[in-house]
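One structure below.
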Amino acid sequence: MTIITAPVPPDIPTRLMQQNSIFASRAHNATILPIIHLWHHKHESFLHEVIDGLLAEQKFLPTKYLYDQHGSELFERITALPEYYLTRSEQEILHLYADDIISHAHTKCWLVELGSGSGKKTRRLLQALQEQYTNVEHHASSEYSSVRYVPIDIAGEFLAASAQAFQHDFPNILIHPICAEFMQGMEYIAQQRNAHAPNTQLLVYFPGSTIGNLTHEEARTFLRQLRSILHLGDAFLLATDIDTSSSGKPIDVLHYAYNDQHDVTAAFNLNILHRINRELHATIPVEAYQHCAYYNAALSRIEMYLESRYYHTFSVSTHTFSIAKGERIRTEYSHKFSDSLLQHMASQTGFIVKRSWYDTQRFFRLSWLSPC
Ligand code: AVJ
């Protein structure tokens, strides 16, 4: 088998490359393949997307730009908040059912994770995979290793850190990190599978209810694209947060998950303005804004905004913007799903929901979608 890697970017120290290289594997440690870099932050597209969003009738900023280094750290803190039940619910599901979930996977399986972040949740899945499908004689340094963990994320530093963290605990799983946007990374790994391991199953895990950031229209496009890359027999493990009307979940639970008492979510939201000022040399008076997030029950989604406390103007590049008192800039949607909405979207995009697992409070679900 040939391992095709992208050209090594010059900013990666050689020591790190050697440490990560397949030639440097030590006994009882998983092999980490060198990170594949397919993603490069483009200053121009950041600028253009920000300006486009601020010129829109309803002003918005693209959600993905919430996650610079500081934003990713703040999000990690959000996941530890007592109010942010989503993380604990998903962890509980994995704690209870990881073995059951993995028992549906093939013995030759690459677990691909979209947006791995710190990769904490994945631990339970990897444990189950390692117990069920690998044995000690079959060490991961073998290029024939049939069980891989493929984290895909644009945050390269988080990727490197989580690969290191897993190295000791999963000696029989080959770790294959990819720094890319989701579809770009998916296309790469599917092509690797098709070329070098055609009988291997791709088990694509999309944690955190991140799909909720997309509008239903965008989510359908995403699912169709993913479906076109997957084969029959592959699987999509999709995490979704549950709406209020189809369940007994109180609206308050949702509200406080996005309005925590320590204002970590507020800091996470406001951070995008600091980032724009810093990276695009804009002049936004950040103190003019307050965090605003509420549950839109009619549309089953959290809507998050930055709300202006008073009239002001600022500039980004050559553009000047006037913001009215009370005007809102949208930074995020977080859609919540009923069982029937999920089933409907799956069937519209070439999938079928084979099975869903829930936490004991039934606040969150993890679903096995099969291409059909
Ligand atoms: C990472 C997109 C799943 O929508 O709940 C958390 C992001 N925003 N608090 C979510 C988020 C505010 C989170 N996702």
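The values are calculated or read from the model by the stated rules, or taken from the named source; none is laboratory data. The model shown is predicted, which means the values in this text are computed figures rather than measured ones. No Cβ is skipped: glycine too gets one built from the backbone with ideal geometry, and neighbour counts run over all protein chains shown. Side chains included, ligands, DNA and RNA excluded: accessible areas come from the protein's heavy atoms. Shrake-Rupley method; radii C 1.70, N 1.55, O 1.52, S 1.80 Å.
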**OP:** List, in order, the whole-Hz ³J(HN,Hα) value for each residue of segment 294-306 obtained from phi through the Karplus relation with A = 6.51, B = -1.76, C = 1.60 and θ = phi - 60°; use x for Gly and Pro.
**Re:** 8, 8, 8, 5, 4, 10, 6, 8, 7, 10, 10, 9, 10
Original post:
For the chain, with every protein chain kept in place, what is the accessible area per residue (1.4 Å probe, Å²)?
Top reply: 44 Å²
**OP:** Mind checking which of LEU230, PHE170, ALA266 is farthest towards the positive end of the chain's charge dipole, using Cβ charges of +1 (Lys, Arg) and -1 (Asp, Glu) about the Cα centre?
**Re:** LEU230
Original post:
How much length is gained if the chain between SER317 and HIS70 is pulled fully straight, taking 0.36 nm per residue apart and subtracting their Cα-Cα distance, in nm to one decimal?
Top reply: 86.6 nm
Original post:
Mind checking the dipole of the chain: about its Cα centre, +1 per Lys or Arg Cβ, -1 per Asp or Glu Cβ, Debye to the nearest 20?
Top reply: 420 debye
**OP:** Just subtract the alpha-carbon distance of SER103 and ALA161 from 0.36 nm times their residue separation and send over the number in nm, one decimal.
**Re:** 18.1 nm
**OP:** Can you pull the one-decimal nm distance between simple spin-label points at HIS281 and HIS40, each 7 Å off the Cα toward Cβ?
**Re:** 2.2 nm
Original post:
About the Cα centre of segment 207-267, what is the dipole size in debye to 20, counting +1 per Lys and Arg Cβ and -1 per Asp and Glu Cβ, all else neutral?
Top reply: 320 debye
Original post:
Using Cα atoms only, what is the angle between the long axis of helix 156-167 and the major principal axis of the chain, expressed in degrees (0 to 90) to the nearest 10?
Top reply: 40 degrees
**OP:** Just subtract the alpha-carbon distance of ALA298 and ALA80 from 0.36 nm times their residue separation and send over the number in nm, one decimal.
**Re:** 75.6 nm
Original post:
Over the alpha carbons of segment 226-330, what is the largest minus smallest coordinate on each principal axis, giving the biggest first in Å?
Top reply: 52, 37, 25
Original post:
What does the helix-only formula give at 222 nm for the chain: each DSSP H stretch with n ≥ 4 adding -39500 (n - 2.57), the total divided by the residues, and the result rounded to the nearest 500 deg cm²/dmol?
Top reply: -11500 deg cm²/dmol
Original post:
Tell me, how many Å apart are the Cα centres for segment 284-349 and for segment 260-277?
Top reply: 13 Å
Original post:
Does anything in segment 251-289 have its amide N under 16 Å from the 7 Å Cα→Cβ label point of GLU327, and if so which residues?
Top reply: 283-289
Original post:
Where the only charges are on Cβ atoms (+1 Lys, Arg; -1 Asp, Glu), what is the dipole of segment 246-372 about its Cα centre, to the nearest 20 debye?
Top reply: 380 debye
Original post:
Out of GLN343, ILE302, THR320, whose Cα points farthest toward the positive end of the dipole of segment 290-346 (charges: +1 Lys, Arg; -1 Asp, Glu; placed on Cβ)?
Top reply: THR320
Original post:
Taking +1 at the Cβ of each Lys and Arg and -1 at the Cβ of each Asp and Glu, which of GLN127, HIS255, PHE60 sits farthest along the dipole of the chain towards its positive end, judged by Cα position relative to the Cα centre?
Top reply: GLN127
Original post:
What residues qualify as long-range amide H neighbours of GLU332, i.e. H under 5 Å apart, gap of 5 or more or another chain, H built at 1.01 Å from N?
Top reply: MET304
Subject >> Label-point separation in nm, HIS168 to GLN348, each point 7 Å along Cα→Cβ >> reply: 4.8 nm
Subject >> Protection-proxy order for peptides 36-42, 201-207, 337-343, each taking the mean of Cβ atoms within 10 Å per residue, highest first >> reply: 201-207, 337-343, 36-42
Original post:
Helix 216-229: angle to the longest alpha-carbon principal axis of the chain, degrees 0 to 90, nearest 10?
Top reply: 20 degrees
Original post:
Could you give the angle, 0 to 90 degrees to the nearest 10, between helix 122-133's Cα long axis and the longest principal axis of the Cα atoms of the chain?
Top reply: 20 degrees
Original post:
What do the square roots of 5 times the Cα gyration tensor eigenvalues come to for the chain, in whole Å, largest first, as semi-axes of the equivalent ellipsoid?
Top reply: 36, 25, 18
**OP:** May I ask for the net charge around GLN348, where only other residues with Cβ less than 14 Å from the Cβ of GLN348 are counted and Lys, Arg are +1 while Asp, Glu are -1?
**Re:** +1
Original post:
Taking the DSSP beta bridges in the chain as the whole, what percent of them are antiparallel, to the nearest 5?
Top reply: 60 percent
**OP:** Please say if segment 273-327 is rounded, prolate or oblate, where rounded means a/c under 1.5 for a ≥ b ≥ c the square roots of the C-alpha gyration tensor eigenvalues, and otherwise the choice is prolate for a/b larger than b/c and oblate otherwise?
**Re:** prolate
Original post:
Where Lys and Arg each count +1 and Asp and Glu each count -1, what net charge lies around GLN130 among other residues with Cβ under 13 Å from its Cβ?
Top reply: 0
Original post:
Nearest 0.05, what FRET efficiency do GLU131 and ALA56 give at R0 = 51 Å with Cβ-Cβ as r?
Top reply: 0.55
Original post:
Got a sec to turn the phi values of segment 187-193 into Karplus ³J(HN,Hα) couplings, 6.51 cos²θ - 1.76 cosθ + 1.60 with θ = phi - 60°, whole Hz, x for Gly and Pro?
Top reply: 4, 4, 6, 5, 5, 4, 4
